[in-house]
Amino acid sequence: MSEQPVSLNSYIRLCGVVFVVVLCTTASMIATSYAHIGSSNDWTLKVALILAIAVVNAFLVAGYLMHLLSEKKLVYTVLIFTVFFFIGLVGLTMWAMNDFPPGTASH
Amino acid sequence: MEIPYTVQNRPDTGLYNAKLGIWLFLASEVMLFGGLFSAYILLRVSQPPGGWPHGWLDVRLGTVNTLLLALSAITTLLAWAACKVREFGKFKFFHACTILLALTFLGIKSYEYHDKWIHYEIQLANGKIADGHLIEKSADFDLAKITGTVTLHGREVENHVELMDLRSPAAQSAKLDEMTIPASDIKKMENYGPRHNTFTAIYFTLTGLHALHIFGGTLVIFYLWGPGSKLYKTDPERFTNRIEVSGLFWHFVDLVWIFLFPVLYLT
Amino acid sequence: METTVQQFPPFRETPAHPGHDDHGHGEHHEPNFWQKYIFSTDHKVIGIQYGFMALCFMLFGFFLMLLMRWQIAHPQMPVPFFGPILEKILGQPAAGGAISPELYNSFGAMHGTIMVFLGVVPLAFAAFGNYVVPLMIGAPDMTFPRINMASFHAFFLGGIVMLVSFFIPGGAAQAGWTSYSPLATTIPTNGQAFWLVGMVLLITSSLLGAVNFIATIIQLRAPGMTWMRLPWFVWAQFVTAFILLLAFPPLEAAGVLQLMDNVAGTSFFLPTGLAVGGQLADRSGGGSPLLWQHLFWFLGHPEVYVLILPAMGIVIEVIANNTRKPIWGYKSLVYSVLGVGFLSFIVWAHHMYLTGMGQKIATFFQATTMMISVPSVIILTCMFLSLWGGAIRINTPMLFALGFLPMFGIGGLTGLPLGLAACDLYLHDTYYIIAHFHYVVAPGTIFALFAGVYFWFPKMTGRKMNEFWGRVHFWCSFAFMNIVFMPMFVQGIKGMLRRMSDGGINYSAARVPNAIDALPGTAMQMNGVILWAAICLGIAQIPFIINLFWSISHGEKVGTNPWRATTLDWQTPTPPPHGNFAHEPQVTHGPYEYSMPGAAEDFTPQDAPADKTATAPQPAH
C-alpha cells in the first residue's frame, strides 16, 4: 500500500467524517427502534429498517476503514463467493424450514 | 530459496502474502458468524408470537460500546497510517488508545454479563412470578433444604408474558421494590443465564464469541504495540504490513458488533 | 544443486516470533530433536507428521470397525483375544469382553469421526497437500510456515481430545458421527462435549491449513507457473481448500451452539416439550433440531468432496505418469473441479429428505444433486480416456490408481438413487448407504491415498517401496474390500438398517411368517462373511505397514526422479532440502508433457529449458 504519498492529516480528516457518520447512523438506529412503526407486535418492518441502517454503517467501516473500496480484484472475488455461499446457507435453510408438505403444520 | 512476497506485493495479485491470508481468514469468519446469524434468524422467526423478548438489554450500555468500538477502529486505522508515514510516536499513541478502548469495551461487557447473572426469575408457590436483581441470599439459604430467604430488587407479576416486552408501557411504568422471599415459597429459581431462554442463549453465545475475538485481537495488538514493535526499527515496511493486517481483523470484529448491536439490543 | 543448499541455514524460521526477522546473524545451530520433528515449520516435515498421525488414526478406526463387525456377526458374544483387554481398559461397557450396545454406539460414532476427520482429511489434504503442493508449484515452503505448524498442533490436540473421550465415565460420543440433536445432548455422557471440543480444534486446524494452501497456491507459484500449467493435483487441493475454508465455519458455529446445549444447558437444538426417558426435560426449549442438521450437512456434504478431490488429484498424477502421455482433457478437468467445488455448497439437504421436507425444496436439492454428478462424471471419464492408447506401465501406484476408477465408479453411481427423494426414502439409513459411501471413501479415496504413498515415497526417502509386496497389498485389499462392501448393497436393499448393534437380529426375529418386511436369513448370514473379509482386509495391510517402515532404510535406492515424471516435485534433490529449490525454477512447460514429439526423452520436465522442445506445446486436449 505504498502507491501514493499520504499524510496523516488526510487520514485524520477521513476518520473524523467516518466517526460523525457512525454517530448519526447509531442515533438513527436507536431512534427507529423506539419509534412507532408498524403495529406494536410486528417488528418485521422495524427490524428491516434498522438492519438497513446497520448495513450503511458496515459499508462505511468495510469501505473506508478496511479500505475495501480500493482493494484488489482477488479480494473481491473471494468475498463475492463468501457472500454468495452465506446467502445460500441462510436462504436455502429458511426455505427448507418453511416448505412443509401439505397437511402438516410446521416443523 | 526464501519465501517471496512477505513484504512486497506479488505483481499479478497486487497483494502481499499476509494480506491475502487475512482476507481468506476473514472470509471464513464471515461464514462462522454467518452460521450463527442464520441460527439467530431461524430461532427468532420460529418463536411463537410474543415468544421473543424485547428490551432485555440496556441500550445505553450497548450504544456506549458501539461508539467505543467505532473509535477503536478509527485509532487502529490511524495507527497504521502513522506507521505508513513513519511517525512511530503517533503510532504508539493511537494503538495505546485502541487497547484502552478495547479493555473498556470488555469491562462494560462483563458488567452486563454480571447484571444478567444476578437477575433472577422466581416461580412462586402461589403461581405468581417474582423477577428482579439479587440483593442478598441469607446465609442459610438452601432451596433443597427449604431454609432461608432471598432478597430481590424487582417486581412481582401474574404471568410470564409480562416479563417478555420490557419496552411496553406497562413494564416501563412498573414499580420496582425490594422483596424478601422465603425458600418455602419458591417453586423454581433461575437466573437470566444462557439456559434461561432462547434469547439469553443466543445473546451469551454471540456476544461471548465476539468478546473472545475482541480479547484475541487485543492480545495481538498489544503484542505489536509492545514487544513486537522492535521490528519497526529493522523493517518498518514489514511492521506496517503487520499493523495493517491486524487492523483488518480488528475492523472485522467491529463489523460484527455493528450487526450484533441492533439484533440484540434494539429489536 | 546439493552444494548450494548448504548456504541456507536449516530451520531459520524456527525461533519464536521476533527472532524471525533477524536471521542472517550467522547462527548455524543444528536443530535439536524438538525443533526438527515436533516444532518444525518445514512443510515437508509437517506433511510427514500429518501423514504418520493420519495413518495411525486410520488403523485405529479400522480396529474399531473390526470390533463392531464382530458384534454385528456375533451379538453379545465375547470378542476373541481382544475382549479381556477391552474389559480391562473400558470396564463396564465391555463387561465380559463383549461389546454392549452403548459401546457399539460410541465405536460407531468414533469410527466415522476418526476415519473422516482424523484419517482421510489429514492424509489426503494436509499430508499430501503439505508435502507435494509447494514442491509442485515451485515454492520454497508454505506461505505461513508457523501457521502451518500451529495447524498441525491443533490437529494433534483435537486427536488427543477425541482419544481421551474413550476413557471418561460414560465413554465417548454415542450419537453417530453426525451427532444429531437432541440425541447428542440427551445421552448421559460427557463424551459428546469432548467430541465437540475435539471438533472445534480439528476445524480450526483445517481452517488454518486452508488459508495457508490457498495463499500458497495463489502467491508462491514460480515464475511461468500459470494457472493452466498447474498440475491438476494442485487444482484439486486448491478447490478442496476453498471448500474447507467456507463450509467448515458453519459447522464450527453449530459445534459451539451444541456445546452450549451440552455444557451450559441452552436449547438451541432442543424443541419445546422435549421428553427424555418419559420425563419432561428441564430445558427452556424453543430450539430447532433441524437447524443442527442443516448446519452439519452444510459442511457434511462438501466434506465428501474434501475427501474425494485430493484423491482424484493423486490418481490423475499417477495415471499421467504411468500412461506416458498427456492427461486427456486437462481443461475440462480444471473446469469440472471448479464446478464440483461450487455446486458442492448447494446440495447438502439431500441428506435430509426423510425429515419431512417439502416438495419444492426437495426438488431443488434433487436438481442440484443431479447437476453435480455431471462434472464428477467428466472427471472420471477423463481418467478413463487417458488410459486409451497409452503405453501403460503397471506398478503399485498405478495398480491402486486403476483400482480407484471402478471402485469410485461403483460408489458414485450407487449414489444416484440416493439423490432422488423417492428412492432415498426407502434406502435411507440402510446398509445400502453404508455400502455407497464406503465405496467412495474406502476402496475409492483410500486406494488413491495408497497410490500416493507408493508414488511419493521415493521423493520423501530416496528409496522405493517393495514392488512385490506392494502388489500383494493391492490385490488382497482389492478382493477383500469388495467382499466387505458388496454384500451391504444387498443387505440394504433387503431393508437391514444401519446403526443396529445386533446387526438386525432383533428385527429379523420379530418377523411373522410370510411378512414381506422381515429380513431373510441370507441377509443375516452375510454378516459372517463380511466379518471374515474385514479380518482378512486387516491382515492384508500388514505387508503395507512392514513395507513402509522397512523400505525407509532397506528399500531400493533410486535417483531424484525414479518415475521419470514431469512435474516440479520431481525436479528437486531427494529428499528436498529446507527451501526445496536451490534456484527459483522457471516454468516453461505444461504439467503433463509426456512423449512429446521432438523431445529428447519421453518426458519434458516443467522447468526444462524452453529451447529443448521446438514447439513447447500446451497439453493436448
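Residues being within 14 Å of another protein chain (Cβ to nearest Cβ) and assigned to a loop (DSSP other than H, G, I, E, B): count how many of those fall in segment C:265-310.
The total comes to 18.
Of all residues in segment C:342-356, which are out of contact with any Pro (no Cβ under 8 Å at 6 or more places or on another chain) and closer than 29 Å to C:Ser181 by Cβ?
Scanning segment C:342-356 gives C:Ile346, C:Val347, C:Ala349, C:His350, C:His351, C:Met352, C:Tyr353, C:Leu354, C:Thr355.
Any residue at all in segment B:101-115 that's more than 30 Å from B:Arg195 (Cα to Cα), buried (at least 16 other Cβ atoms within 10 Å of the Cβ) and of a type outside the set (A, V, I, L, M, F, W, C)?
No.
Have a look at B:Phe239, B:Phe249 and point out the one that is touching a Gly at 6+ places or on another chain (Cβ under 9 Å), within 13 Å of chain C (Cβ to nearest Cβ), farther than 24 Å from B:Arg44 by Cα and buried (at least 22 other Cβ atoms within 10 Å of the Cβ).
Just one listed residue meets the conditions, B:Phe239.
Consider C:Pro134 carefully, then state whether it is over 23 Å from the mean Cα position of the chain (by Cα), touching a residue at least 60 places away in the same chain (Cβ under 8 Å) and within 14 Å of another protein chain (Cβ to nearest Cβ).
no
C:Ile114 passes all but one of (1) outside any helix (DSSP H, G or I); (2) among the aliphatic types (A, V, I, L, M); (3) under 29 Å from the mean Cα position of the chain (by Cα); which number fails?
(1)
So which residues in segment C:315-362 are more than 14 Å from chain A (Cβ to nearest Cβ) and of a type in the set (Gly, Ala, Ser), if there are any at all?
C:Ala320, C:Gly329, C:Ser332, C:Ser336 - these are the residues of segment C:315-362 that are more than 14 Å from chain A (Cβ to nearest Cβ) and of a type in the set (Gly, Ala, Ser).
Just one of the numbered conditions (1) modelled with pLDDT of 90 or more; (2) within 30 Å of C:Gln366 (Cβ to Cβ); (3) over 17 Å from the mean Cα position of the chain (by Cα) is not true of A:His107; which one?
The single condition A:His107 does not satisfy is (1).
Here are C:Gly559, C:Gly598: which of them is farther than 22 Å from C:Ile319 by Cα and in a loop (DSSP other than H, G, I, E, B)?
C:Gly598
Among the residues of segment C:337-390, write down those that are aromatic (Phe, Trp, Tyr) and within 20 Å of the chain's Cα centre (by Cα).
If the condition is that a residue be aromatic (Phe, Trp, Tyr) and within 20 Å of the chain's Cα centre (by Cα), then C:Phe342, C:Phe345, C:Trp348 are the ones that fit.
Looking only at segment B:4-56, count how many residues are polar (S, T, N, Q), in a loop (DSSP other than H, G, I, E, B) and at the interface with another protein chain (Cβ under 7 Å from one of its Cβ atoms).
3
Need the failing condition index for B:Asn159 against (1) touching a Lys or Arg at 6+ places or on another chain (Cβ under 9 Å); (2) surrounded by 12 or more Cβ atoms within 10 Å (Cβ to Cβ); (3) over 21 Å from B:Asp115 (Cα atoms), just the number.
If we test B:Asn159 against (1) touching a Lys or Arg at 6+ places or on another chain (Cβ under 9 Å); (2) surrounded by 12 or more Cβ atoms within 10 Å (Cβ to Cβ); (3) over 21 Å from B:Asp115 (Cα atoms), just (2) comes out false.
Checking B:Pro227 against (1) over 25 Å from the mean Cα position of the chain (by Cα); (2) buried (at least 20 other Cβ atoms within 10 Å of the Cβ); (3) not polar (S, T, N, Q): exactly one of these is not met. Which one?
Single failed check for B:Pro227: (2).
List pairs: first in segment C:256-280 and among the hydroxyl-bearing types (Ser, Thr, Tyr), second assigned to a helix (DSSP H, G or I), Cβ under 7 Å, 6+ apart or cross-chain?
If the second residue must be assigned to a helix (DSSP H, G or I), the pairs left are C:Thr266/B:Ala201; C:Thr266/C:Met260; C:Ser267/B:Thr198; C:Ser267/B:Ala201; C:Ser267/C:Asp261.
When you scan segment C:380-401, do you find a residue that is more than 20 Å from C:Glu317 (Cβ to Cβ) and surrounded by fewer than 16 Cβ atoms within 10 Å (Cβ to Cβ), even just one?
No: zero hits.
Which residues, counting only those in segment C:330-350, are surrounded by fewer than 24 Cβ atoms within 10 Å (Cβ to Cβ), within 14 Å of C:Leu230 (Cα to Cα) and either among the β-branched types (Val, Ile, Thr) or at pLDDT below 95 (or both)?
If the condition is that a residue be surrounded by fewer than 24 Cβ atoms within 10 Å (Cβ to Cβ), within 14 Å of C:Leu230 (Cα to Cα) and either among the β-branched types (Val, Ile, Thr) or at pLDDT below 95 (or both), then C:Val334 is the only one that fits.
How many of the residues making up segment A:65-91 are at the interface with chain B (Cβ under 8 Å from one of its Cβ atoms) and farther than 19 Å from C:Ile214 by Cβ?
Here the count works out to 4.
Take the residues in segment C:142-197 that are within 23 Å of the chain's Cα centre (by Cα) and on the phi > 0 side of the Ramachandran plot, then tell me which one is surrounded by the most Cβ atoms within 10 Å (Cβ to Cβ).
C:Ser179
So, of the residues in segment B:162-202 that are polar (S, T, N, Q) and outside any helix (DSSP H, G or I), which turns out to be modelled with the lowest pLDDT?
Restricting to residues being polar (S, T, N, Q) and outside any helix (DSSP H, G or I), the top hit is B:Ser168.
Would you check if there is a residue in segment A:66-77 being on the phi < 0 side of the Ramachandran plot, assigned to a helix (DSSP H, G or I) and among the small types (Gly, Ala, Ser)?
The answer is no, given that none of the residues of segment A:66-77 is on the phi < 0 side of the Ramachandran plot, assigned to a helix (DSSP H, G or I) and among the small types (Gly, Ala, Ser).
Looking at segment C:555-565, is at least one residue within 14 Å of chain B (Cβ to nearest Cβ) and not aromatic (Phe, Trp, Tyr)?
No; the residues of segment C:555-565 include none that is within 14 Å of chain B (Cβ to nearest Cβ) and not aromatic (Phe, Trp, Tyr).
Just checking, how many residues over segment C:144-156 are more than 20 Å from C:Leu59 (Cβ to Cβ) and hydrophobic (A, V, I, L, M, F, W, C)?
Looking only at that region, the number is 5.
The values are calculated or read from the model by the stated rules, or taken from the named source; none is laboratory data. Note that the structure is a prediction, hence the values are computed from the model and not measured. Counting neighbours? That spans all protein chains shown, and the Cβs are built from the backbone with ideal geometry, glycine included.
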